[in-house]
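Just below is one structure, and these are the notes that go with it.
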Amino acid sequence: MKIHLKALGCRLNEAELEQWSTSFQQAGHQVMATPEQADVVVLNSCAVTTEASAKSRRLLSRLYRDNPQARLVVSGCYATLQPSEVANLMGVDLVVPNSTKDTLPQQVMEQFAVPTMPLLATDPGENTLFMRGRQRAFIKIQDGCRYRCTFCIVTVARGEERSRTETEIIEEINALFAQGIQEIVLTGVHVGGYGSDINSSLYQLVQRILAETAIPRIRFASVEPWDLPPEFFALFSNPRLMPHMHLPIQSGADSILRRMARRCKTTEFSELVQQARQSNPLFTVTTDIIVGFPGETEAEWQETLDFVQRIEFGHIHIFSYSAREGTKAARLPDPVPEIIKKQRSQQLHQLAEQQKSHWLAKQHNHVVDVLWEQAQTRDGKLIYNGYTPNYCRVELQSTRVGLDNQIIPTRLMQHPSETGLLLGVLEP
């Protein structure tokens, strides 16, 4: 889905746009520069004066004229003070008051039945698994994909696989490290397919990166599980490889995986996870699950829930299926009703949150190296956020300045107020 975000009025409105932009992109959607390019247009309105309200109304009319096909969403002060008036304006599809605007992206995605499909690889330079910061860089190692999963339009758009040379990638990594970058993420449309066109492989590339660079932390973006050779996880004996991989399974039912034209069975996936956790018991595996693929029966859905329960994922990206023109899945019979997809999605979200909490609890009292990011001030205190090697988010309250972009041994504790987050205590 393509989103255009616009704000009127104060800087707070602009700051909220930044937060929404991050949320939409993390969910796999694109933020567009103009309303004409968008499927959904969001206006953060203003009502500080009568003229500001009038300006908001005029802007809404213009946005509708510029793209009458787009869904139009309105939040902000004008929408909060005059919700009925705003709701009755031409083209307005959703009004989000200030009281719930923190969840605006989630409301938009739920209202318009999205996110629909995983788009993690549509723009390798901005992979949604990781937040970009000055301590982290994304390295595009390849483009395109030779496979044709029945639900995926990305491979049609991206074309055949094209890999960068090992030497070019290594030179880029070394240049970034010289600039102070502490962590790289190897990204692409089909990361595991690296080298298929240049007589190389992801395994071979990683061996050279470990041998010819000094970058402290190396991560992978989404890697199709069938691409990993049996010896792949032996690489993680090197502590510079972070013990976390995103392996998209898409369903826990082998019958659905066949309809998706996926090249990995659930038993093979389970064996990969076992290999990963033999290298490190706290190796985090995250995944994608598509809910409501055409023909998905209640029995197949239960297979997926049982599979997820067995694996214990650190995090799950959950997507409701929506047909995309140009894909084979769009022609499959027996679509799942939207109400069933919504119910199943809620079930899986609940299970995923339980698993994430349980996974985080396993980290308590471990001492690990955390890469700290830029501090923010909250209630007069410096608050740092960072990530463990296995990509658990940690918060640190400290009076020390200059911890950002530093890798520091940290004891992990239960956070007193937030789930999905660990509390860090620096080791003396």
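The values are calculated or read from the model by the stated rules, or taken from the named source; none is laboratory data. Keep in mind the model is a prediction, meaning the values are calculated, not measured. Neighbour counts are summed over all protein chains in view; Cβ atoms, including those assigned to glycine, are modelled from backbone coordinates with ideal geometry.
When residues in the range 59-88 are screened for being over 18 Å from Glu36 (Cβ atoms) and surrounded by fewer than 17 Cβ atoms within 10 Å (Cβ to Cβ), 6 of them pass.
In the set Ser357, Ser417, only one residue is surrounded by fewer than 16 Cβ atoms within 10 Å (Cβ to Cβ), under 24 Å from Ala221 (Cα atoms) and among the polar types (S, T, N, Q); that residue is Ser357. When the range 274-288 is filtered for residues that are surrounded by 22 or more Cβ atoms within 10 Å (Cβ to Cβ) and in contact with a helix residue (DSSP H, G or I) (Cβ under 6 Å, 6 or more places away or on another chain), only Val285 remains. Condition test on Ser196, is it in the same structural domain as Ile170 (by TED's automatic domain parsing), modelled with pLDDT under 95, of a type in the set (Ser, Thr, Tyr) and in contact with an Asp or Glu (Cβ under 7 Å, 6 or more places away or on another chain)? The answer is yes for Ser196.
Here Gly188 does not qualify as of a type in the set (Gly, Ala, Ser), modelled with pLDDT of 90 or more, buried (at least 18 other Cβ atoms within 10 Å of the Cβ) and assigned by TED's automatic domain parsing to the domain that holds Ala330. Residues being modelled with pLDDT of 90 or more and either charged (D, E, K, R) or surrounded by fewer than 16 Cβ atoms within 10 Å (Cβ to Cβ) (or both) are represented in the range 3-15 by at least one member. Considering only the range 395-426, state which residues are assigned to a loop (DSSP other than H, G, I, E, B) and either assigned by TED's automatic domain parsing to the domain that holds His244 or among the aliphatic types (A, V, I, L, M) (or both). Val401, Leu403, Leu421 - these are the residues of the range 395-426 that are assigned to a loop (DSSP other than H, G, I, E, B) and either assigned by TED's automatic domain parsing to the domain that holds His244 or among the aliphatic types (A, V, I, L, M) (or both). Mind listing whichever residues of the range 319-331 are without any contact (Cβ under 8 Å) to a residue 60 or more places away in the chain and surrounded by 13 or more Cβ atoms within 10 Å (Cβ to Cβ)? Residues satisfying the conditions are Ala323, Ala330.
Among the conditions (1) closer than 21 Å to Pro389 by Cβ; (2) within 25 Å of the chain's Cα centre (by Cα); (3) surrounded by fewer than 20 Cβ atoms within 10 Å (Cβ to Cβ); (4) of a type in the set (S, T, N, Q), Asn238 misses just one, which is (2). Looking at Thr284, Thr213, just one residue is over 20 Å from the mean Cα position of the chain (by Cα) and within 30 Å of Gln135 (Cα to Cα), and that residue is Thr213.
Taken residue by residue, the range 332-347 has no member that is within 20 Å of Cys392 (Cα to Cα), surrounded by 15 or more Cβ atoms within 10 Å (Cβ to Cβ) and of a type in the set (A, V, I, L, M, F, W, C).
Residue-wise test of (1) surrounded by fewer than 16 Cβ atoms within 10 Å (Cβ to Cβ); (2) more than 25 Å from Ile170 (Cβ to Cβ); (3) polar (S, T, N, Q).
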position	(1), (2), (3)
Glu212	yes, no, no
Ser222	no, no, yes
Asp227	no, no, no
His246	no, no, no
Ile256	no, yes, no
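Counting only strands (runs of 3 or more DSSP E) wholly contained in the range 303-394, the ones carrying 3 or more residues that are modelled with pLDDT under 95 occupy 315-320, 376-378, 381-387. Of all the numbered requirements in (1) in a helix (DSSP H, G or I); (2) under 21 Å from the mean Cα position of the chain (by Cα), Ile289 misses one, and that requirement is (1).
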